[in-house]
Amino acid sequence: MIRVAVSGSAGRMGQAVTAAIQAAEDMALVCGIDPRPHDLAVPVHGSVAEALATESFDVMVDFTQPDVVLGNISLALAAGVDCVVGTTGLTAEALKGASQAALPSTCLFYAPNFTTGAVLMMEFAKAAAPYFPEAEVIEYHHANKRDAPSGTALRTAHLISASRGFSSAAPGAETELESGKGARGALVEGVPVHAVRSMGFVASQEVVFGSLGQALTIRHDSWDRASYMPGVLLGIRSVGSRSGLIVGLENFMD
Ligand code: NAD
């Protein structure tokens, strides 16, 4: 039985994750962690420090906020607890820094996106990138999302950039009108990224490739938080046999 604590248990993702863990036969939900009071069938602690001092668990899942996640996982990793992290807004340097706090056998697993479809979208984008001079990312999220661009968009831009090894020649910010600054999006590793925030979306993304006389669009839509749960459970099941920093669900997909 894998003993799991969920940090951010009162949140939108936290509620879905605690329910998925409670329904999994090989996992036991030990506690929730969230400063926001809420009902759960197990104890809820207001901080990771309080949970570590009171409970015993093998894995901590974190779906919180960019400004608290590093503090949370540093404490857990230093206590020998493997971490499965979905909170976005983390840089590669910040993740590396946090992983230094880990005991040697402890694993920090971060996935900017836990849906299998988004992982495949990123793999397809990586494969297409060398064949198209232009690539742009458009991501769509619900209006309560606190960070922009999304972790998936940042990861996609990174994969495209690393895969193609050249910069886009498309017109950039220098062509923006004074009255329309930002129209060409944010340039992430040479890839323009556009973030839409609107009611009606959970998480969607398009990667648009262009070449002479042709365009290729790769699109993924996540309409329900249930779509993340198989990936989160896979992460929880996988970290016990791994150590160090692992980024991306693809590392655990056959
Ligand atoms: P949310 O605002 O609904 O929930 C965040 C929760 O964290 C809140 O309940 C808040 O009280 C709690 N919290 C704040 N400080 C805390 C602390 N110090 N310790 C413990 N809990 C604390 O947000 P959400 O929609 O559930 O999203 C959470 C994060 O997950 C965001 O960064 C979002 O971008 C990310 N996300 C990632 C994926 C993925 O596949 N990786 C998917 C969806 C969302």
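Given Cβ point charges of +1 (Lys, Arg) and -1 (Asp, Glu) and nothing else, what value in debye, to the nearest 20, does the dipole of the chain about its Cα centre take?
Rounded to the nearest 20 debye, it is 100 debye.
Sort 219-227, 109-117, 85-93, 179-187 by the packing proxy (mean of other Cβ within 10 Å over each peptide's residues), most packed first.
Answer by packing, highest mean first, reads 109-117, 85-93, 219-227, 179-187.
Pop a pseudo-label 7 angstrom from the Cα along the beta-carbon direction at both E250 and S47 and give the gap in nm to one decimal.
With each label placed 7 Å out from Cα toward Cβ, I get 3.9 nm.
Mean residue ellipticity at 222 nm from the helices of the chain, using -39,500 (n - 2.57) per DSSP H segment of n ≥ 4 over the full residue count, to the nearest 500 deg cm²/dmol?
-9000 deg cm²/dmol
Picking from V191, H141, S167, whose Cα lies most toward the positive end of the charge dipole for the range 116-222 (charges on Cβ: Lys, Arg +1; Asp, Glu -1)?
It is H141.
Would you list, by chain and number, the aspartates and glutamates whose Cα falls below 17 Å from the Cα of K145, excluding same-chain residues fewer than 8 positions away?
Here the aspartates and glutamates satisfying the reach criterion relative to K145 are D62, D67, D221, D224.
Assign unit charges at the C-beta atoms only (+1 for Lys and Arg, -1 for Asp and Glu), then state the dipole size of the range 1-101 relative to its Cα centre in Debye, rounded to the nearest 20.
160 debye
Less than 19 Å from a label point 7 Å out along the Cα-to-Cβ axis of E174: which backbone N atoms in the range 190-219 qualify, by residue?
Inside the label zone: 190-193.
Report the convex hull volume per residue for the chain, counting only C-alpha atoms, in Å³.
In the chain, the Cα hull volume divided by residue count equals 138 Å³.
Taking Rh as the Kirkwood radius, which is the inverse of the mean 1/r over Cα pairs, what is the Rg/Rh value for the range 116-222?
Ratio of gyration radius to Kirkwood radius: 0.96.
Dividing the alpha-carbon radius of gyration of the range 1-91 by 2.2 N^0.38 Å (N being the number of residues), what value is obtained?
0.96
Quote the charge dipole size of the range 116-222 about the Cα centre in Debye, to the nearest 20; the model charges only the Cβ of Lys and Arg (+1) and of Asp and Glu (-1).
240 debye
Where a number appears in this text, it was derived from the coordinates with a stated rule and is not lab data. All figures in this text were calculated on a predicted structure; none of them were measured in a lab. Reconstructed Cβ throughout: ideal geometry from the backbone, glycine too, with neighbour counts over all protein chains shown.
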